[in-house]
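Below is one structure, written out as structure tokens; comments come after it.
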Amino acid sequence: MAETYVQARSTDGRKDLRYPAAPEPLTVPVYDNHAHLEISDGIEPLSLGEQLDRAQAVGIAGVVQASGDIESSRWAVDAAASDPRVLAAVAIHPNDAPAYAAEGRLDAAIAVIDELAAHPRTRAIGETGLDYFRTDEPGRPAQHESFEAHIALAKKHGIAMQIHDRDAHDDVLETLRRVGAPERTVFHCFSGDEAMARVAADAGYHLSFAGNVTFKNAQNLRDALQVTPLERILVETDAPFLTPVPLRGRPNAPYLVPITVRFMAAELGMDVDELCTQLAANTLAVYGTFD
């Protein structure tokens with residue numbers, strides 16, 4: 001069972017490293033469609049089993065474990081194989097692709113992702129995409145090469161793709177148009193605005209909203225949520241990052257999804273159970289069943 005953490009989250013500038021109390025459980029179960037449970041966080045880090053038990057206790061029926069390099073991708077597949085509440089997503093993160101390329105290992109790394117994608121519990125290629133915030137111009141050709149290779153893998157294996165898009169909206173959309181997107185494409189932690197949400201939804205993509213939709217300075221995300229068709233909306237934590245208000249800065253985990261779901265329901269003027277039913281159906285349509 002995947003219990004050894006791959007890495008630890010930095011504590012720099014963070015004042016409260018305690019995991020928050022559990023929120024009120026959801027009546028209708030939903031899924032966290034993007035988390036990084038291989039990253040330890042907090043004063044008392046939670047094991048995979050503890051994460052999943054806490055999530056299940058508040059109505060989070062399963063988690064899609066996302067990856068960013070070879071080691072975390074292997075961890076994700078191991079976790080999914082060991083617990084029916086986990087599905088795996090495997091990939092080389094766009095910010096890691098330039099380093100692999102500089103070492104002459106990008107093709108070999110993508111070949112490993114290809115092997116891991118064949119596992120029956122691997123249901124997505126992710127996270128892949130483009131990031132112009134952390135990667136400067138010299139590293140971007142490697143990002144583009146990696147992104148297109150990952151798109152091809154999602155198509156080859158007939159599984160979904162989770163996109164990481166930071167400050168690269170136009171180029172991500174252009175790449176998807178040019179090479180053709182996988183049948184099930186998800187913008188993980190959607191970071192665009194209302195106009196981009198309309199374009200993405202019209203193209204048949206899913207938009208996944210994380211805890212940052214609750215942030216005061218994220219009106220663009222709330223505007224995007226408002227115009228996204230209900231059948232295209234997903235929810236995630238991106239744990240241990242992006243903890244929703246009022247817990248921002250503290251460790252995030254799948255068991256905190258109910259906070260974001262209730263916020264989204266309020267923004268949409270929807271009954272919470274109704275939204276949960278739709279979110280669950282959307283998640284299963286994208287990734288398949290967990291059992």
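The values are calculated or read from the model by the stated rules, or taken from the named source; none is laboratory data. Being a predicted model, the structure only gives us computed values, none of them experimental. Here the Cβ positions follow ideal geometry from the backbone for every residue, glycine too, while neighbour counts run over all protein chains shown. With ligands, DNA and RNA removed, areas are computed over all heavy atoms of the protein, side chains included. Shrake-Rupley method; radii C 1.70, N 1.55, O 1.52, S 1.80 Å.
Please list, or write none, the aspartates and glutamates whose alpha carbon is within less than 12 Å of the alpha carbon of Lys155, excluding same-chain residues fewer than 8 places away.
Within the straight-line cut-off, Lys155 pairs with Asp114, Glu183.
Identify all lysines with a Cα-Cα distance to Lys15 below 20 Å; exclude those on the same chain that are fewer than 8 residues away in sequence.
Lys216
At a threshold of 8 angstrom on Cα-Cα distance, excluding pairs fewer than six apart, so keeping six or more, what relative contact order does the chain reach in percent?
21 percent
For region 231-291, give the percent of accessible area contributed by carbon and sulfur heavy atoms, probe 1.4 Å, rounded to a whole number.
54 percent
Put Arg248, Arg134, Arg232 in order of accessible area, largest first, 1.4 Å probe: what do you get?
My answer, sorted largest first, is Arg134, Arg248, Arg232.
Using the basic label-point model (7 angstrom from Cα toward the beta carbon), what is the Asp291 to Arg198 distance in nanometres?
4.3 nm
Say we join alpha carbon atoms closer than 10 Å with springs in a Gaussian network model of the chain; which of Asp131, Asp32, Asp12 then has the biggest fluctuation?
Judging by the Gaussian network model, the answer is Asp12.
Just the number please: accessible area per residue for the chain, 1.4 Å probe, all protein chains included, in Å².
I get 40 Å² per residue for this part.
How many angstrom separate the Cα center of region 50-123 from the Cα center of region 210-283?
Each part's Cα centre sits 22 Å from the other's.
Using only DSSP helix segments of four residues or longer, with each worth -39500 (n - 2.57), what per-residue ellipticity at 222 nm results for the chain after dividing by its residue count and rounding to 500?
-12500 deg cm²/dmol
Can you list residues from other chains, or at least 5 along the same chain, whose modelled amide H is less than 5 Å from the amide H of Asp16?
Placed amide hydrogens put nothing under 5 Å from Asp16.
Can you name the helices of the chain, as whole DSSP H runs, whose Cα span along the helix axis is 15 Å or more and whose Kyte-Doolittle mean is not below 0.0?
Once both thresholds are applied, what remains is 70-82, 106-117, 257-268, 272-287.
Here are labelled values, [x] 0.92; [y] 1.20; [z] 1.66, and one is the computed Cα Rg over 2.2 N^0.38 Å for what I pasted. Which one?
[x]
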